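Report on the following structure.
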Amino acid sequence: MSSNRPVPSPPGPPKLPQPPSATPPIKKKVRIRKDGKWADVDIDGEVVKGRFKYVKFIDDDGLETYWISPE
Amino acid sequence: MPFNTGMAYNIYGMDLITFTPTNWYCQSNTSASDYGKCYNTSAGEKARFVQTDTTTWPIDPTTGDSFPCAKDGTCIRYTSTAFNRTLATVFSYPNKQAIVYRMVLRSHTSLPGISDPSPVKLLGVAVYNAVQDYQYTFVSGVHTYESITYPYYDPVFNYKIYYKPYSIPAGSVVVIRWLGNVFTSILYFGAYENGQNNIWYAAIGQVYWFYESSPISVIPLNYEKDYIMYQELRGAFGFSINGVDQPGWNADDMIRVLRELFPNRAWAVFDDRQYTLYLYNLTPDYVPDWLIDKLSPTAMKVLKAPSDASVAKYWLDELNRRNGYNQTPVETV
């Protein structure tokens with residue numbers, strides 16, 4: 001009767017810790033209502049202030065901007 | 001919105017929440033061993049004590065004021081008497097007008113106050129406008145021949161007065177509530193001392209007003225040192241003691257003037273057309289929730305991130321203090 005015991009595999013090279021991913025985290029894209037038109041912007045984060053939620057991005061004028069979240 | 005609502009607390013020697021009503025007082029009995037002491041004043045806010053005798057209690061340039069409560073930091077002492085003493089400018093709106101519509105006042109004083117038959121002993125704290133048409137309207141006009149019982153309601157000026165609603169160890173308490181309309185471009189908070197010496201008082205005054213919706217500057221300023229001396233500021237926007245309700249005509253002008261005069265301070269400008277709050281030496285982390293709820297900005301834009309966190313923190317702490325909020329300040333690194 002043959003044994004069903006798994007045969008241990010030969011030890012391989014030690015596993016090295018994985019380096020952090022070189023690609024930046026995927027930016028979330030949201031659609032906001034800006035200057036009377038819809039605009040798709042890549043946001044860097046979200047901030048809750050008071051009873052509002054804002055999305056953060058760099059606006060066309062180069063300023064760090066927090067826009068009221070469409071959600 | 002066509003109008004904004006402004007609100008300011010003026011606090012002298014009382015706690016905003018509890019008013020420390022029954023155990024708060026200063027000692028103005030000159031025979032008492034603790035004469036000149038004040039008790040249970042809230043930290044940071046000081047009562048007022050008029051004592052002109054600088055021979056017995058001199059003020060030394062190096063050691064400071066020797067008068068007991070001034071020495072231990074529980075009062076601000078005046079060494080000259082006054083009939084009308086302006087304690088603060090609540091707002092000053094060049095070229096604009098506001099409508100004062102509500103006022104709540106509570107004052108504790110060493111004098112008998114408005115129920116005393118002798119008008120010489122009358123003392124009150126009130127709001128009044130520039131031309132003083134309405135000066136002390138809220139506390140005077142009640143003479144013994146008109147009314148001898150309290151609470152008292154004056155249907156003409158539409159105010160209600162409670163005199164001495166409870167006992168304090170010395171002096172009297174006056175509580176006044178008023179709802180009406182006063183048009184003015186400047187409003188002061190002041191005390192009617194009537195030239196009396198050896199008196200003290202503490203008060204909380206809460207004033208509400210409307211003003212035309214406008215871009216506003218958000219920067220806590222000292223009226224005498226930061227505002228009145230700069231024509232540029234007075235041309236760009238009004239002053240308010242709460243540091244928030246400071247309307248101007250044009251947000252761009254306000255930003256330009258503030259950049260020029262206060263490049264190293266934190267400030268904000270709210271554009272009420274774009275509903276954008278511009279932040280200078282600030283980030284949204286430092287903007288208190290109550291300000292966001294009041295202004296409801298669609299966007300916040302950082303004109304300049306704070307190079308020194310203490311500058312932004314001062315702005316936040318001072319706004320909270322002036323508007324009666326005690327939010328936990330953000331951590332500084």
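Does B:Tyr208 meet the test of being away from chain A (no Cβ under 11 Å) and modelled with pLDDT under 95? Lay out the reasoning, then the answer.
Values: away from chain A (no Cβ under 11 Å): yes; modelled with pLDDT under 95: yes.
Yes, satisfied.
Only one of these conditions is not met by A:Lys27: (1) modelled with pLDDT under 85; (2) more than 21 Å from A:Gly62 (Cβ to Cβ); (3) surrounded by 10 or more Cβ atoms within 10 Å (Cβ to Cβ). Which number is it?
The single condition A:Lys27 does not satisfy is (2).
Look at segment A:33-71 and say how many of its residues are of a type in the set (A, V, I, L, M, F, W, C) and either surrounded by fewer than 15 Cβ atoms within 10 Å (Cβ to Cβ) or within 9 Å of another protein chain (Cβ to nearest Cβ) (or both).
Start the filter on segment A:33-71 by keeping residues that are of a type in the set (A, V, I, L, M, F, W, C), which leaves A:38-39, A:41, A:43, A:47-48, A:52, A:55, A:57-58, A:63, A:67-68.
Checking the rest, the ones that are also either surrounded by fewer than 15 Cβ atoms within 10 Å (Cβ to Cβ) or within 9 Å of another protein chain (Cβ to nearest Cβ) (or both) come to A:38-39, A:47-48, A:52, A:58, A:63, A:67-68.
The total comes to 9.
So for segment B:283-295 (the condition being under 15 Å from A:Val48 (Cα atoms), assigned to a strand (DSSP E or B) and either of a type outside the set (D, E, K, R) or in contact (Cβ under 8 Å) with a residue 24 or more places away in the chain (or both)), does at least one residue qualify?
No - not one qualifying residue is present in segment B:283-295.
Can you pull out the residues in segment B:227-246 that are closer than 25 Å to B:Ile11 by Cα, of a type in the set (Asp, Glu) and in contact with a helix residue (DSSP H, G or I) (Cβ under 6 Å, 6 or more places away or on another chain)?
none
Tell me which residues, restricted to segment B:93-112, are surrounded by fewer than 16 Cβ atoms within 10 Å (Cβ to Cβ) and either free of Cβ contacts under 8 Å to residues at least 12 places away in the same chain or among the polar types (S, T, N, Q) (or both).
B:Asn95, B:Gln97
Any chance you could count how many residues in segment B:240-282 are in a loop (DSSP other than H, G, I, E, B) and of a type in the set (Gly, Ala, Ser)?
Qualifying residue count, segment B:240-282: 2.
Scan segment B:147-194 for residues that are at pLDDT below 75, part of a strand (DSSP E or B) and basic (Lys, Arg) and jot them down.
Scanning segment B:147-194 gives a single hit, B:Lys160.
Every residue in segment B:251-291 that is among the charged types (D, E, K, R), within 24 Å of A:Ser69 (Cα to Cα) and within 14 Å of another protein chain (Cβ to nearest Cβ), please. It would help to see each step written out before you state the result.
Residues of segment B:251-291 among the charged types (D, E, K, R): B:252-253, B:256, B:259-260, B:265, B:271-273, B:285, B:289.
Narrowing further to those that are within 24 Å of A:Ser69 (Cα to Cα): B:271-273, B:285, B:289.
Hits for segment B:251-291 are B:Asp271, B:Arg273, B:Asp285, B:Asp289.
Specify which of the listed residues (B:Ile241, B:Ile228) is surrounded by fewer than 20 Cβ atoms within 10 Å (Cβ to Cβ) and among the hydrophobic types (A, V, I, L, M, F, W, C). Step through it out loud before you land on a result.
Details: B:Ile241 fails: surrounded by fewer than 20 Cβ atoms within 10 Å (Cβ to Cβ).
Going through B:Ile241, B:Ile228 in turn, just one is surrounded by fewer than 20 Cβ atoms within 10 Å (Cβ to Cβ) and among the hydrophobic types (A, V, I, L, M, F, W, C): B:Ile228.
Can you tell me how many residues in segment B:292-316 are within 8 Å of chain A (Cβ to nearest Cβ) and buried (at least 16 other Cβ atoms within 10 Å of the Cβ)?
Qualifying residue count, segment B:292-316: 8.
The values are calculated or read from the model by the stated rules, or taken from the named source; none is laboratory data. Since the model is a prediction, treat every value here as computed from it, not as a measurement. In this analysis, Cβ positions are derived from the backbone assuming ideal geometry, glycine residues included, and neighbour counts consider all displayed protein chains.
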